[in-house]
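Right, one structure below, let's go through it.
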Amino acid sequence: MKNYEAISRFLAHERSGKPLFGLMGDANLAYLGHFIEQTDGRYIGMSIEDAVVLAADGYARFSGEVGMATVTFGPAITNAITALTEATRARTPLVLLTGDTPDVNEHYQRIDIAAVAALTGAAYERSYSGADAVKTIHKAVMRARARQQPVIVNIPYAQMNDEVDLPGLPDLSQPASVLGADSERVEDALGYLMSARRPLVLAGRGVISAGARDSVLRFARMIGAPVMTSLIAKDLFRGEPENLGIHGTLSNEVGVEYMGDADVVIAFGASLNNWQTDHYHLMEGKKVIQVDSCAEALGKYGPVDVAIQADVAAAVDALAGTLLEADPDADSRPAPKYVAALEDRPQREALDDYRSTSREDHIDVRDAAMRISTAISHDGQKQINQVSDIGMYFPSVVQHMVVDPGRWDFAGYFGAIGLAIPLGVGAAYADSSRPTVVWVGDGAAMHSLMEVSTAVRDGLPLVVVVLNDSCYGAEFYKLENFGSKGETSFVEWPSLSLIHISEPTR
């Protein structure tokens, strides 16, 4: 068979009903044409290349599967650079299929794909012959899953018509093995925790992906520590007496008080990035224990006293088991006074702990976030997905919205606005049985409103909430620092309230 047929058949098998997001061009049209016409594969065509990658990113984040995307060469790849960098910073397992231009002298669309991968932080794989193409894609999927990162696959255009056999390859559906915790490091960590005056437990995305919420909370109670979360794990412990909310620059007053006095912090599956730690200033003078399955995440943003590379669930079980061996009463000890006293501080969880500025011609975004998210937080018994863009509104909105941990994320790991709508489209494809709500500012919405058409085409339950202040909000305030008027950042958008999208035709 031709190489493009082999690629198509492999993708249909690997995807097995999962979406392949793409935009067709010379580098991929041969196998996409076959994939769409000759297999039962599920192809989702997008409007622009960055949205292709973002949709695959959103699908991966909300499904737990490897996302798959394909674009053509040259400008298609440069169009995807911001989205690829976002996915890399978010540690999203994703494969992007592309390819070198035809092998002719000075092809005007040629670009160094390996250099693009290096620029964005993605891994890179190249097929060196038609016979290697399917094996290279298979390797990329395995690599993306194992290392939780995007992988760019270069299948040169010249290889598409090579005669090949479809190779037999290992099953990609096998679950990843669980990485256990080193016993010596577990004991080192417990040594710090059991001698702590005011220990603190910080939970991140890794706790959610490992399904370890209850185990982490139990361990926190065993060592007499309150719990906080990273932004992405927001609301993980909502309603629990030990909960202090988000750790970092978005902390509430009670959380800030406790963070300042904590002497030992153990972070489970949290990166300890600049937002979580205020450029690591919040970790100064503290003993820091970090647990993460990714070796590169350990100590990335600052020094740690004990680094444990392990699956979060395995690590917390090892910590609890070792502690119980030394102290069988650890599971039934009453909470220390400083934890028990937290129940008298209800504002640590209050959604409405602010003074509203809403008036007849203006709605405070905090009011909007609280009321809308509370109203839509459950559709009957179904939890909803939520995705937020970033911008001036974001700190206000994120502290006053209700989310279901594991069913929310934000497009802000690279600091670019305008990525959330296609990311939300990908999230909706991950599970179209429940609504997906996207929060965007007006400037961010104008970047990617075109991809709402993709949701309409497939009848996805997508809700886009546009928080409109008719300007780029951060710039409004920053201009004043340089002696300019904030109004200079105002933009006359078309009325977003008048946009109407008709029902899809079938």
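The values are calculated or read from the model by the stated rules, or taken from the named source; none is laboratory data. Everything numeric here is computed off the predicted structure, so don't read it as measured data. Note that each Cβ is placed from the backbone with ideal geometry, even for glycine, and that neighbours are counted across all protein chains shown. Note: areas computed on protein heavy atoms with side chains; ligands, DNA, RNA excluded. Shrake-Rupley method; radii C 1.70, N 1.55, O 1.52, S 1.80 Å.
Out of the residues in the stretch 137-148 meeting the condition of being touching a residue at least 40 places away in the same chain (Cβ under 8 Å) and open to solvent by 30 Å² or more (accessible area, probe 1.4 Å), tell me which one is nearest to the chain's Cα centre (by Cα).
Gln148
Might you let me know whether the stretch 219-230 holds any residue that is under 23 Å from the mean Cα position of the chain (by Cα), under 22 Å from Thr374 (Cβ atoms), buried (at least 24 other Cβ atoms within 10 Å of the Cβ) and touching a residue at least 12 places away in the same chain (Cβ under 8 Å)? If you could, list the steps in order and put the result at the bottom.
Start the filter on the stretch 219-230 by keeping residues that are under 23 Å from the mean Cα position of the chain (by Cα), which leaves 227-230.
Subsequent filtering for residues that are under 22 Å from Thr374 (Cβ atoms) retains 229.
Within this subset, residues satisfying the condition of being buried (at least 24 other Cβ atoms within 10 Å of the Cβ) are 229.
Then keep just the ones that are touching a residue at least 12 places away in the same chain (Cβ under 8 Å); that gives 229.
Yes, the stretch 219-230 contains at least one residue that is under 23 Å from the mean Cα position of the chain (by Cα), under 22 Å from Thr374 (Cβ atoms), buried (at least 24 other Cβ atoms within 10 Å of the Cβ) and touching a residue at least 12 places away in the same chain (Cβ under 8 Å).
If a residue has to be farther than 21 Å from Met46 by Cα and either assigned to a loop (DSSP other than H, G, I, E, B) or open to solvent by less than 10 Å² (accessible area, probe 1.4 Å) (or both) to count, how many in the stretch 1-17 make the cut?
Number of matching residues: 3.
For the stretch 312-344, which residues satisfy the criterion of being of a type in the set (Lys, Arg) and in contact (Cβ under 8 Å) with a residue 40 or more places away in the chain?
Keep residues of the stretch 312-344 that are of a type in the set (Lys, Arg), which gives 333, 337.
Result: Arg333, single match.
Taking Leu54 as meeting all but one of (1) touching a helix residue (DSSP H, G or I) at 6+ places or on another chain (Cβ under 6 Å); (2) within 30 Å of Met1 (Cβ to Cβ), write down the number of the exception.
(2)
Of the conditions (1) open to solvent by less than 50 Å² (accessible area, probe 1.4 Å); (2) touching a residue at least 60 places away in the same chain (Cβ under 8 Å); (3) touching a strand residue (DSSP E or B) at 6+ places or on another chain (Cβ under 8 Å), His247 clears all except one; give me its number.
(2)
Taking the stretch 281-311 only, how many residues are polar (S, T, N, Q) and in contact (Cβ under 8 Å) with a residue 60 or more places away in the chain?
2
Among the listed residues Ala307, Ala350, Ala375, Ala340, which satisfies the condition of being part of a loop (DSSP other than H, G, I, E, B), out of contact with any Ser or Thr (no Cβ under 9 Å at 6 or more places or on another chain) and either among the small types (Gly, Ala, Ser) or modelled with pLDDT under 85 (or both)?
Ala350
For the stretch 331-350, give me each residue that is of a type in the set (Lys, Arg) and more than 32 Å from the chain's Cα centre (by Cα).
Passing the criteria: Arg333, Lys337.
Tell me, please, whether a residue that is surrounded by 12 or more Cβ atoms within 10 Å (Cβ to Cβ), in contact (Cβ under 8 Å) with a residue 60 or more places away in the chain and farther than 24 Å from Val464 by Cβ can be found in the stretch 349-362.
The answer is yes; a qualifying residue exists.
Any idea which residue in the stretch 314-337 is most open to solvent (accessible area, probe 1.4 Å), counting only those that are among the small types (Gly, Ala, Ser) and either part of a loop (DSSP other than H, G, I, E, B) or farther than 16 Å from Leu190 by Cα (or both)?
Applying the filter and picking the extreme gives Ser332.
Here are some residues: Tyr192, Tyr258. Which one is over 22 Å from the mean Cα position of the chain (by Cα), modelled with pLDDT of 95 or more and of a type in the set (Phe, Trp, Tyr)?
Of Tyr192, Tyr258, the one residue that is over 22 Å from the mean Cα position of the chain (by Cα), modelled with pLDDT of 95 or more and of a type in the set (Phe, Trp, Tyr) is Tyr192.
What's the number of the only condition in (1) part of a loop (DSSP other than H, G, I, E, B); (2) of a type in the set (Gly, Ala, Ser); (3) surrounded by fewer than 20 Cβ atoms within 10 Å (Cβ to Cβ) that Ser271 fails to meet?
Exception for Ser271: condition (3).
Would it be correct to say that Gly130 is in contact (Cβ under 8 Å) with a residue 60 or more places away in the chain and in contact with a Pro (Cβ under 7 Å, 6 or more places away or on another chain)? Let's see the steps before the verdict.
Details: in contact (Cβ under 8 Å) with a residue 60 or more places away in the chain: yes; in contact with a Pro (Cβ under 7 Å, 6 or more places away or on another chain): no.
Spelling it out, it is not the case that Gly130 is in contact (Cβ under 8 Å) with a residue 60 or more places away in the chain and in contact with a Pro (Cβ under 7 Å, 6 or more places away or on another chain).
Quick test for you: out of Ala420, Ala428, Ala445, pick the one residue that is within 20 Å of Asp57 (Cβ to Cβ) and touching a Pro at 6+ places or on another chain (Cβ under 9 Å).
On the way: Ala420 fails: touching a Pro at 6+ places or on another chain (Cβ under 9 Å); Ala445 fails: touching a Pro at 6+ places or on another chain (Cβ under 9 Å).
That would be Ala428, the only listed residue that is within 20 Å of Asp57 (Cβ to Cβ) and touching a Pro at 6+ places or on another chain (Cβ under 9 Å).
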